[in-house]
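Colleague: Next up is a structure, given as structure tokens.
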Amino acid sequence: MDVLTLARIQFGATIAFHYLYPPLSIGLGVMLVCMEGLWLKTKNPVYHQMARFWTRVFALTFAIGVATGIVMEFEFGTNWATYSRFVGDVFGSALAAEGIFAFFLESGFLAVLLFGWDKVSRKMHFFSTCMVCLGAHFSAVWIVVANSWMQTPAGYKLVMHNGVERAEITNFWQLVFNPSFMERLSHVLCGAWQAGAFLVVSVSAWYLLKKRHQDFARASLRVGLTVALVASLVQVVTGHVSARGVAKNQPAKLAAFEGLYNTTSNAPLVLVGYVDEKDQRVKGLEWPGMLSFLVGFNTQTTVIGLNDFPPSDRPPVTASFLFFHGMVGIGFAMIVIAALGFLYFRHGSLHERRWLLWILVFSVLGPQMANQLGWFAAEVGRQPWIVYGLMRTPAGLSAIVKANAILTSLILFTLIYFLLFAVFIYLLNDKIQHGPDEQDLIPSGKLALPTELTHHPKT
């Protein structure tokens, strides 16, 4: 394989593996805030037990996420040096902001979250949990800022520096609030909330199936299913808004998502099918006029097709189509699963439906697959541009990087990542098998329950 293909495979594999963990950290952060908040409000010790248990899982996820994210920064310099010079002013600001406003905030309060249960007051510990959760969200904010700028550049000018063209910031806030930032951020965060919520649901359903930690499992399911259902429903809205933004700012990408070759009104929405690139049409089940309606709230809205763009400016159609529709299909499946689990739980009959409990156990895979497919769709759909409309992907390669060097590092990184993943699964399984600690039902020290909840009148 050539240098470009190997470099893209390596960077894609690195980010794909890393992206397993930040969504879990963000989602589990929300779950921890909910659980500890419920404990402070209700004084029910089961919520304290839940918060302690899921804090351990959060710590594991956070540690692996940090370790896997460092490699990407080195790859910018080794494989994509020309690209790094071009966007250095832009990315430097965004990544510096992430370090200052996100990572320091999250890591600064992490020690209190992990080790401060019996050393600080309940309110101080809850505040630390909120700050860790907020820091995780801030991290997503600045990473999405950088990636969204690649999709819809704004707040910059092109200058020549030592004979090399580069982008320089002219308006920082225009850079931050570029045309696709807000819609993409909301979509990413909803996916992260789903990832965290469905992990809680999965483990809790497994405990119910095995008839272990019943009170803990039911309480965790109540919180997990509620967050999962809300996040899944809101995700439909954020996805729709994001798709409308793609239609406006990156019409070639939307056309590839839907396999639409000819510009037309009353454009159909593909429900199920595949792209026949030779005949330039989609074969499958379509909803006439619905794509036009979703784009402009009118079935007569004109949607631009791929034939309006030169072949050299078109994204890979089949890959974009499959990634996008896979994400959408899984997203709607998660709504059905969350709704069924929530309704049966509310009726008190979920424990009787083992088939649904098993579905809930494996539901943890759904948000992860949807997040990966969504990222693939966004990045493949941007091709052939590494920065949309400004720099093509081949132009971003390092000038002196060699294929054999990339291949060697790709093989080594792949082996290391497999080992890290194995360690993560082993440790996660160990924590799940161990389950929540029973002593966490009776908090000690400054976190003890109020006297009125522990005092029993004489008989």
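The values are calculated or read from the model by the stated rules, or taken from the named source; none is laboratory data. Bear in mind that the values here come from a model prediction, so they are computed numbers and not experimental data. Cβ sites come from the backbone with ideal geometry, for glycine too, and all protein chains shown count toward neighbours.
Colleague: Return the only residue of Leu114, Leu60 being buried (at least 17 other Cβ atoms within 10 Å of the Cβ) and aliphatic (A, V, I, L, M).
Modeller: On the way: Leu114 fails: buried (at least 17 other Cβ atoms within 10 Å of the Cβ).
Of Leu114, Leu60, the one residue that is buried (at least 17 other Cβ atoms within 10 Å of the Cβ) and aliphatic (A, V, I, L, M) is Leu60.
Colleague: Residue check: is Leu209 surrounded by fewer than 23 Cβ atoms within 10 Å (Cβ to Cβ), in contact (Cβ under 8 Å) with a residue 12 or more places away in the chain and touching a Lys or Arg at 6+ places or on another chain (Cβ under 7 Å)?
Modeller: yes
Colleague: In addition: Quickly run through the stretch 145-185 and pick out the residues that are hydrophobic (A, V, I, L, M, F, W, C), assigned to a helix (DSSP H, G or I) and more than 25 Å from Trp54 (Cβ to Cβ). Can you show your working first?
Modeller: Step one: filter the stretch 145-185 for residues hydrophobic (A, V, I, L, M, F, W, C), giving 145-146, 149-150, 154, 158-160, 164, 167, 169, 172-173, 175-177, 181-182, 185.
Within this subset, residues satisfying the condition of being assigned to a helix (DSSP H, G or I) are 145-146, 149-150, 172-173, 175-176, 181-182, 185.
Hits for the stretch 145-185 are Val145, Ala146, Trp149, Met150, Phe172, Trp173, Leu175, Val176, Phe181, Met182.
Colleague: Then there's this: Name the residues in the stretch 106-133 that are hydrophobic (A, V, I, L, M, F, W, C) and touching a residue at least 40 places away in the same chain (Cβ under 8 Å), would you?
Modeller: Once the filter is applied, which keeps residues that are hydrophobic (A, V, I, L, M, F, W, C) and touching a residue at least 40 places away in the same chain (Cβ under 8 Å), the stretch 106-133 yields Leu110, Leu113, Leu114, Trp117, Val120, Phe126, Cys130, Val132, Cys133.
Colleague: Among the residues of the stretch 362-398, how many are under 12 Å from Ile337 (Cβ atoms) and surrounded by fewer than 19 Cβ atoms within 10 Å (Cβ to Cβ)?
Modeller: Residues meeting the conditions: 2.
Per-residue answers, yes or no, for (1) of a type in the set (Gly, Ala, Ser); (2) surrounded by fewer than 19 Cβ atoms within 10 Å (Cβ to Cβ); (3) touching a residue at least 24 places away in the same chain (Cβ under 8 Å):
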{"residue": "Thr226", "(1), (2), (3)": "no, yes, yes"}
{"residue": "Gln235", "(1), (2), (3)": "no, no, yes"}
{"residue": "Ala243", "(1), (2), (3)": "yes, no, yes"}
{"residue": "Gln250", "(1), (2), (3)": "no, no, yes"}
{"residue": "Phe257", "(1), (2), (3)": "no, no, yes"}
{"residue": "Asn262", "(1), (2), (3)": "no, yes, yes"}
{"residue": "Lys283", "(1), (2), (3)": "no, yes, no"}
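Colleague: When you go through (1) at pLDDT 85 or above; (2) out of contact with any helix residue (DSSP H, G or I) (no Cβ under 9 Å at 6 or more places or on another chain); (3) more than 29 Å from Met1 (Cα to Cα) one by one for Val423, which number turns out not to apply?
Modeller: For Val423, the exception is condition (2).
Colleague: May I ask you to list pairs of residues, at least six apart or on different chains, whose Cβ atoms are under 6 Å apart, with the first in the stretch 18-31 being more than 18 Å from Ala51 (Cα to Cα) and the second being among the β-branched types (Val, Ile, Thr)?
Modeller: Within 6 Å, the pairs are His18/Thr68; Tyr21/Thr61; Tyr21/Ile64.
Results for (1) modelled with pLDDT under 90; (2) charged (D, E, K, R); (3) part of a helix (DSSP H, G or I); (4) in contact with a Leu (Cβ under 8 Å, 6 or more places away or on another chain), shown as yes or no for each residue.
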residue	(1), (2), (3), (4)
Leu322	no, no, yes, no
Ala333	no, no, yes, no
Gly348	yes, no, no, no
Leu357	no, no, yes, yes
Val361	no, no, yes, yes
Gly389	yes, no, no, no
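Colleague: Could I ask something else about it? In this structure, is Ile400 part of a helix (DSSP H, G or I), over 20 Å from Asn262 (Cα atoms) and over 23 Å from the mean Cα position of the chain (by Cα)? Give the steps one after another, and end with the answer.
Modeller: On the way: part of a helix (DSSP H, G or I): no; over 20 Å from Asn262 (Cα atoms): yes; over 23 Å from the mean Cα position of the chain (by Cα): yes.
Spelling it out, it is not the case that Ile400 is part of a helix (DSSP H, G or I), over 20 Å from Asn262 (Cα atoms) and over 23 Å from the mean Cα position of the chain (by Cα).
Colleague: I would also like to ask the following. Looking only at the stretch 400-415, which residues are exposed (fewer than 14 other Cβ atoms within 10 Å of the Cβ) and closer than 11 Å to Leu4 by Cα?
Modeller: Answer for the stretch 400-415, where residues must be exposed (fewer than 14 other Cβ atoms within 10 Å of the Cβ) and closer than 11 Å to Leu4 by Cα: just Lys402.
Colleague: Tell me, please, whether a residue that is more than 21 Å from His347 (Cβ to Cβ) and part of a helix (DSSP H, G or I) can be found in the stretch 278-285.
Modeller: Scanning the stretch 278-285 turns up no residue that is more than 21 Å from His347 (Cβ to Cβ) and part of a helix (DSSP H, G or I).
Colleague: Follow-up question, since we're still on this one. Please enumerate the residues belonging to the stretch 288-306 that are in contact with a helix residue (DSSP H, G or I) (Cβ under 9 Å, 6 or more places away or on another chain) and either at pLDDT 90 or above or not in a helix (DSSP H, G or I) (or both).
Modeller: Asn298, Thr299, Gln300, Thr301, Thr302, Val303, Ile304, Gly305, Leu306
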